[in-house]
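These notes are about the structure you will find just below.
The values are calculated or read from the model by the stated rules, or taken from the named source; none is laboratory data. Here the structure is a predicted model, which is why all the values come from computation and not from measurement. Please note: Cβ atoms are built from the backbone with ideal geometry, for glycine as well, and neighbour counts cover all protein chains shown. For the accessible areas, the whole protein counts, side chains as well, though only heavy atoms, and no ligand, DNA or RNA atoms are used. Shrake-Rupley method; radii C 1.70, N 1.55, O 1.52, S 1.80 Å.
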Amino acid sequence: MRAKNSATPSTTIAVAIPGGTGAGTAGRAGTGTAAGTALACLGVVAFSLTFPATAWGLEGFGPWSFVALRSVLAALLAGVFLLAGRVPLPARGHRAGLAVVVGGVVVGFPLLTTLALTTSTTSHAAVVVGLPPLTTAALSALRTGVRPSRRFWAAAVAGASVVLGFTLAESGGSLSAGDGYLFGALLACAAGYTEGARLARAMPGWQVIGWALVLALPLTLAGSVLGLAYEPVRLTAHGLAGLAWAAAGSTFLGLYVWYRGMAEIGAPRASQLQLAQPLLTLVWSVALLGERLSPAAPAAACGVLVCIALTQRA
């Protein structure tokens, strides 16, 4: 994706990139917006499977081993694509941003949510994926100077409130011991998404996450060795399937399409599509983990979809 193809219409709430280009016709921008929305939605679907896949993975691996191994496998996959495409090393000016992506979405978010899932159910942990739209939009505004409209913020707050209220109701209204991990993961995720979206307007999204994974490889390799040495391993079908999806689906493919989608339509607007992720995660939790879904789920889903529609028109 080239910079000139990432332009959006003037009515879109997008992330302004200093020195970026606004070239492109209205028709191209409209097409790009539709494609960007579709890519961001695909990323949300991939992410919605992350918690169930992690729960499966923890059946066979310890939390530290699982997180390190998923990143190592994803880095190897990314390295193959980078080598096959003969992609040059990232510019020096992009390396600080890539370090933020590493800390946020390669290490921070996976590690903190995996630790949380050792004490919380996937339905309770879904609270963390209901709140990044707000924090991502806030950090994006601080990072770029863009100020979304009051209507945008009102719809975003309403959508996050629906998701948070639904998730708290599902957990009986109490906070689990893993909530500290979840809220830490929330901040790490927002920082990684915001910086990744900025970089994805200067290079293809798959290269953003690809280089972040490769740069983190020395750390994740060391983590894999230590984790496997100190944590028990049970090679089960669920454990291996969860590890495979977390590495290839969530960490590489999901982030690739997500960053590319955000580059097309802007981080604040793309992040609001993620409001649907907790509901999707709950569906997968029922189908794959056998968890029970309360009758309140359809009402919450409708409320979230209304909020998403409002943010898309703000």
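The table below gives the values:
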| read-out | value |
| --- | --- |
| Test: residue in region 173-192 that is out of contact with any Phe, Trp or Tyr (no Cβ under 9 Å at 6 or more places or on another chain), among the acidic types (Asp, Glu) and either more than 13 Å from Val106 (Cα to Cα) or at pLDDT 90 or above (or both) | yes |
| Single residue of region 304-314 satisfying the filter (part of a helix (DSSP H, G or I), modelled with pLDDT under 80 and not hydroxyl-bearing (Ser, Thr, Tyr)) that is most open to solvent (accessible area, probe 1.4 Å) | Arg313 |
| Qualifying residue in region 186-208 (condition: aromatic (Phe, Trp, Tyr) and farther than 30 Å from Gly93 by Cβ) | no |
| Search result, residues across region 272-283 that are within 14 Å of Leu310 (Cβ to Cβ) and either surrounded by 24 or more Cβ atoms within 10 Å (Cβ to Cβ) or at pLDDT below 80 (or both) | Gln272, Leu275 |
| Residue in region 214-237 that is part of a helix (DSSP H, G or I), buried (at least 19 other Cβ atoms within 10 Å of the Cβ) and out of contact with any Ser or Thr (no Cβ under 9 Å at 6 or more places or on another chain) present | yes |
| Residue that is farther than 26 Å from Pro88 by Cα and either crowded, with 17+ Cβ neighbours inside 10 Å or touching a Leu at 6+ places or on another chain (Cβ under 8 Å) (or both), where the choices are Ala301, Ala248 | Ala301 |
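A quick yes/no check of all residues on (1) of a type in the set (A, V, I, L, M, F, W, C); (2) under 13 Å from the mean Cα position of the chain (by Cα):
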{"site": "Leu112", "(1), (2)": "yes, no"}
{"site": "Ala116", "(1), (2)": "yes, no"}
{"site": "Val127", "(1), (2)": "yes, no"}
{"site": "Leu131", "(1), (2)": "yes, yes"}
{"site": "Ala137", "(1), (2)": "yes, no"}
{"site": "Ser140", "(1), (2)": "no, no"}
{"site": "Ala169", "(1), (2)": "yes, no"}
